[in-house]
Structure formats: C-alpha cells, structure tokens
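To start, the structure itself, in structure tokens.
The values are calculated or read from the model by the stated rules, or taken from the named source; none is laboratory data. Here the structure is a predicted model, which means the values were calculated and not measured. Please note: Cβ atoms are built from the backbone with ideal geometry, for glycine as well, and neighbour counts cover all protein chains shown.
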Amino acid sequence: MSKMSFEYYMPARIYFGKGRIEELGNVTLPGKKALIVISAGTSMKKYGYLQKVQSLISENGSQFAVFDKIQPNPTLESIREGSELAREEKCDYIIGLGGGSSIDASKSIAVMANNPGDYWDYVSGGSGKGLDVPNDPLPVIAITTTAGTGTEADPWTVVTKEDSNEKIGFGYDKTFPYMSIVDPDLMKSVPPHLTAYQGFDAFFHAAEGYIANIATEVSDMFALKSIELIGKSLTRAVKDGSDEKARADVALANTLAGFVESTSSCVSEHSIEHALSAYNTNLPHGAGLILLSEAYFTFFMDYEPEKYVNMARALGNKNADTPEDFIKELILLQEACGVRGMKMSDFGIDKNMLRVYAKNAFDTMAGLFDYDPVPLSLEDVVSILEKAYK
C-alpha cells in the first residue's frame, strides 16, 4: 500500500492537559456504575488518585466498585477475576486508572464482562481461538498516570497467559476507550527509573511505527513529533519529576505514540520483548525494549537509512546524515536517562533460553513480524537476542 493511502479511525475523546482530571465531574459518563481497575500496588491510593476519581464520578451521579489486583504484566487470571466482579456488581462501564497495565486490563475486562466464554477465546495467536466477539465491550474510560503505552489512544491490550508463557496483544475498533484523560499532574509521582522505562516504551511505539512497512504520512507525522518531544524532555522528566513542562511533553509524546499505534503498528521488537517478559514477569516492558533496542534497530539500519537519519534529527542531532547517527543518539538518550547499564541477566533472563524466547515470539505474536522493514527469520531473532544479551 502506498504511504499516500491510509485509513484513520480514532474514536476516543481525549482530554489532555494540566487539571483535566476534573472533567470526570462534568462529562456525560457512559453508565451508572463503574468498575475502577487499578494495580495491586499502593500508588493510586497513596497519592489520592483513586479517591479523586471516586469523588468526581460520585458527584457526577455514578456509583463504583474497585478491582485492585492488576499486575505490571496483566494476567489472564486477573482478567477473569475482574470481569466476574464487574458482573457481580452490575457495573456498566470500566475505568482504567493508572499505567498501561491497568488500562489494558480494563479493556480486556470490558470485553469479557459482556461476552460468553473465556477472554482467551477471542485472542488470535498462540493458543487463542480467534473467535469473533459477539457483544460490544463495556465502555472504558482511560485515566493514565504514566507516559508509556499510549493505550489511552489506541485499541490495544496485552495480557499474559501464565500457564503457557503467552503474552499476546488483542484489540479491535470497539476496544478504543470511550474517553481518555491525560493529565500530566498525575504523572509527577512516578519515580525516575519508571519514568525512563515508560518514556522509552512510548519512544519505541513511535520509532517502530515509523519504520513499519505499513507506515503512512499521517503516522510518520505523529511518530516524528513523539520522538522529538521525548528527545527534548525525557531526560528532564527523569531527573526532576516535578518539572511540569517536561512531564507535559512526555505525556504528549506518549499520546502521539498511541496515535501511531492506531495508524501504523509496532513491529517485531514488541513480539520479542513480550516473549522475554512472558517468561520473566518481573521484567518491565519498557526495560525489556531498552535491552533489545540497540541490537534490534542496528539490524534494520541499512534498510531504512533515510528514516534513521530523520529519527536522529528528531532526537536533536540536526547534522545527522547517516543511519548510525540514530543508534548513537539512542545510546546517548539511554545514558542520559540512567538506563544504559542494564543487563538481561539482571532480570533473570536465561542465555540458554534465547532460542526458546525467539520461537515464542513467532508462536504468539507472529503478526507483528509481517510489518518489519524486511522479513526476520528465527535465526535472525536468535542473533539479535545474542547481541543484546549481557
């Protein structure tokens, strides 16, 4: 397909900016009782975000129940449990409050709460049955407190089936959020290392979507602006979480990267990382992408030289003229954000399992390999993992 031929569908209403959380008290809510989905951690309660949401929707005439068992890599079991609670409590919409895991889980719970069978019946890839979803999901309000996944602006959700080590993405037109709130003030409490992981997750959504073979002029526009904002402000947000301008820039970069995911696609870097974190659930997604990135992007460097130069320039090197300049800028950004020294072995990733991880990437999320600039073989993926391993 020509880059000048594209479809653009992005139905989520997005409220972006400082203080926009207050919109929850004024907008028309999509139901009378919400299931508020948050992580199993303490931050949503500690910083008052959960109480704020409860108060605003109560003022707006809505009741609520809370499901607080979502893991950093959401599991199928938690989706089953959350959707059962939604049914028991007769919730007619879902609020995902927190990072990408909580919002992803909200989308999956919204599907399962309103449909027969099991969530995995509707997942394509791996052991999923790939069935059509008969009933519309419950409406989802996404309230992001991190800047990483862009899930507030796309239909995608990622869930891990732990008993088979399958971490698979799912989504279609009706899993876009009903509305999303992106308020940078809610991101000030994210600690530096997570700010870095999440910022790089957004970065790779944009960079992967830019080199994908289905990229268009529209997705390229979003991708380069996202990369520019991250290059300009991620280091500042990592070093000073209270820097409002830096937080806003990275938040916008994240949402723009979500637009990229709605108009282009991730490529196989995400398939490979999902395999790593399916087997090593303590591996944060953004950290896994960072660990892979130098070896992965170096592999495609000679196939997309112009795009690599453009990404290097977007990162701030206005004199970039070779694809190697992008790799250099990527490394410099990682060094500036304090994540360059990480090793796969730090997260328990087994060097003897690299071929298993590579095969899992093809078995569970083969579809993303179709969007790579050039086809990757199993041996290519093993080689990338070997080069990335430390």
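Miscellaneous remarks
- Single unsatisfied condition, Thr281 versus (1) assigned by TED's automatic domain parsing to the domain that holds Gln71; (2) at pLDDT below 95; (3) of a type in the set (Val, Ile, Thr): (1)
- Region 141-155 - residue that is outside any strand (DSSP E or B) and either among the hydroxyl-bearing types (Ser, Thr, Tyr) or not assigned by TED's automatic domain parsing to the domain that holds Val27 (or both) and, of those, farthest from Gly25 (Cα to Cα): Thr149
- Each residue in region 42-68 was checked for being buried (at least 16 other Cβ atoms within 10 Å of the Cβ) and out of contact with any strand residue (DSSP E or B) (no Cβ under 8 Å at 6 or more places or on another chain), and 2 pass.
- Conditions (1) of a type outside the set (Lys, Arg); (2) in contact with a helix residue (DSSP H, G or I) (Cβ under 6 Å, 6 or more places away or on another chain); (3) at pLDDT 95 or above: number failed by Pro72: (3)
- Among the residues making up region 1-33, those that are among the hydroxyl-bearing types (Ser, Thr, Tyr) and over 23 Å from the mean Cα position of the chain (by Cα) are Ser2, Ser5, Thr28.
- Condition check for Asp350 on (1) over 23 Å from the mean Cα position of the chain (by Cα); (2) modelled with pLDDT of 95 or more; (3) surrounded by fewer than 13 Cβ atoms within 10 Å (Cβ to Cβ): one failure, at (3).
- Just one residue in the set Val267, Val260, Val250 is over 22 Å from Asn213 (Cα atoms), at pLDDT 95 or above and of a type in the set (Val, Ile, Thr); that residue is Val250.
- Single residue of Glu77, Glu84, Glu89 found to be in contact with a Leu (Cβ under 9 Å, 6 or more places away or on another chain), over 27 Å from Asp185 (Cβ atoms), at pLDDT 95 or above and in the same structural domain as Ser164 (by TED's automatic domain parsing): Glu89
- Counted residues, region 156-202 - those being in a loop (DSSP other than H, G, I, E, B) and without any contact (Cβ under 8 Å) to a residue 60 or more places away in the chain: 4
- Criterion (more than 16 Å from Tyr357 (Cα to Cα) and touching a residue at least 12 places away in the same chain (Cβ under 8 Å)) met by exactly one of Tyr296, Tyr303, Tyr279: Tyr303
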